[in-house]
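Before any comments, here is the structure.
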Amino acid sequence: MEIEQILTSNVVDLTSIKSFFANDKDMLIQLIGVYLSDTLPRLETLKKSLVTVNYEDVRGICHFLKSSFGLMGVSCLDEVANLELLAKEEESEIIIKEKLNYILPICKESITEYQGILNKLEAL
């Protein structure tokens, strides 16, 4: 299987990583590995704010995720940027939790998608 065949998805937009790394399997593996290892623990922290909102955690994690999601083509980039601002302004917990309930499943789906892509790349 070719790298081009592996780099297809209906879940994430792979345009950016294809344009920068499409011919470099090792860099793709490294990039996706770092994305997964950096993002997973942050998502777990965000999940805790579904119970009790920690505005600083939400703000800081959303700030971090904006750059990752931009490169990795995760579809909720605008919502993450908006959530960062809402957390900075300490918007009501109800609104923060609504936004988290929208964003977290998309994030989870992107993690699953990238784990599958990573597994295929490593098998090449």
Do we have L71 as out of contact with any Ser or Thr (no Cβ under 8 Å at 6 or more places or on another chain), assigned to a helix (DSSP H, G or I) and not acidic (D, E) here? no
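For the structure I just gave you, tell me whether V58 is crowded, with 19+ Cβ neighbours inside 10 Å, touching a Ser or Thr at 6+ places or on another chain (Cβ under 9 Å) and not in a helix (DSSP H, G or I). Walk me through it before giving the result.
On the way: crowded, with 19+ Cβ neighbours inside 10 Å: yes; touching a Ser or Thr at 6+ places or on another chain (Cβ under 9 Å): yes; not in a helix (DSSP H, G or I): no.
No, not satisfied.
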Just one of (1) in contact with a Gly (Cβ under 9 Å, 6 or more places away or on another chain); (2) part of a helix (DSSP H, G or I) trips up V12, so point out which. (2)
Pairs, first more than 16 Å from K108 (Cβ to Cβ) and open to solvent by 60 Å² or more (accessible area, probe 1.4 Å) in the stretch 72-85, second at pLDDT 95 or above and among the hydroxyl-bearing types (S, T, Y), C-beta under 7 Å, six or more apart: none
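Is it the case, given these coordinates, that K88 is open to solvent by 80 Å² or more (accessible area, probe 1.4 Å) and touching a Lys or Arg at 6+ places or on another chain (Cβ under 6 Å)?
Details: open to solvent by 80 Å² or more (accessible area, probe 1.4 Å): yes; touching a Lys or Arg at 6+ places or on another chain (Cβ under 6 Å): yes.
When the stated conditions are applied, K88 passes them.
The values are calculated or read from the model by the stated rules, or taken from the named source; none is laboratory data. These numbers come from a predicted model, not from an experiment. A quick note on method: Cβ atoms are made from the backbone with ideal geometry, for glycine too, and the neighbour counts reach across all protein chains shown. Remember, those area values only see protein heavy atoms, side chains included, never the ligands or the DNA or RNA. Shrake-Rupley method; radii C 1.70, N 1.55, O 1.52, S 1.80 Å.
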